[in-house]
């Protein structure tokens, strides 16, 4: 009986909370995309986002015997907490906070096949941790589908390294430049659209 006296209130409290999970796609600026996952209750959820914002590889050749290879890749991951409040039928207001981390890498390789044989190579790596506020709305399409939009004012700190090298007949010096600083604000890339499945 003592055991039941402790267990029954816990069962009742657990039933009062509406557990839910959401998984879906996230779009930023309509050309960057990723995945989103949220877990918690109908009032507060932990949120995890990953956005692939950059990735390409291209090769070009010119008439003056210059081959140019470009490649880049980058990603952003975010984790945080959000709170929700129903404001109208099928509409929810969201407010929260995310911690973020971004990584980017780019490389430019110029192969000069002329007599001068002046080859060039630029290679840049950047790391950017940060924090952003979450202000958004959800439109509940039905009990399982949610369309969301959120603004994310941000503050980030970046650090990186640029390596530049010019080769003359396969010989040359490499110059390294380090950079760091802060970025903050609200831009069109700070708008995140999501389409999620709730279960």
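From the list 185, 148, the one residue that fits, being within 19 Å of the chain's Cα centre (by Cα), within 16 Å of residue 98 (Cβ to Cβ) and exposed (fewer than 12 other Cβ atoms within 10 Å of the Cβ), is 185. Can you name every residue in the stretch 116-138 that is modelled with pLDDT under 90 and under 25 Å from residue 75 (Cα atoms)? Within the stretch 116-138, 121 is the sole residue that qualifies. Kindly indicate whether residue 66 is more than 28 Å from residue 133 (Cα to Cα) and either modelled with pLDDT of 80 or more or touching a strand residue (DSSP E or B) at 6+ places or on another chain (Cβ under 7 Å) (or both). Considered against the rule, which asks whether it is more than 28 Å from residue 133 (Cα to Cα) and either modelled with pLDDT of 80 or more or touching a strand residue (DSSP E or B) at 6+ places or on another chain (Cβ under 7 Å) (or both), residue 66 comes out as yes.
Listed here are the residues, each with its yes/no results for (1) farther than 18 Å from residue 25 by Cβ; (2) part of a strand (DSSP E or B); (3) in contact (Cβ under 8 Å) with a residue 24 or more places away in the chain.
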site	(1), (2), (3)
74	yes, yes, yes
86	yes, yes, no
97	yes, yes, yes
114	yes, no, yes
125	yes, yes, yes
139	no, yes, yes
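The one condition from (1) over 18 Å from residue 49 (Cα atoms); (2) modelled with pLDDT under 95; (3) under 22 Å from the mean Cα position of the chain (by Cα) that residue 113 does not meet is (3). On the stretch given as the stretch 159-190, residues that are at pLDDT below 90 and under 30 Å from residue 149 (Cβ atoms) total 5. If you check 106, 102 for being more than 16 Å from the chain's Cα centre (by Cα), on the phi < 0 side of the Ramachandran plot and part of a strand (DSSP E or B), only one passes: 106.
The values are calculated or read from the model by the stated rules, or taken from the named source; none is laboratory data. What you see is a predicted model; the values in this text were computed from it and never measured. No Cβ is skipped: glycine too gets one built from the backbone with ideal geometry, and neighbour counts run over all protein chains shown.
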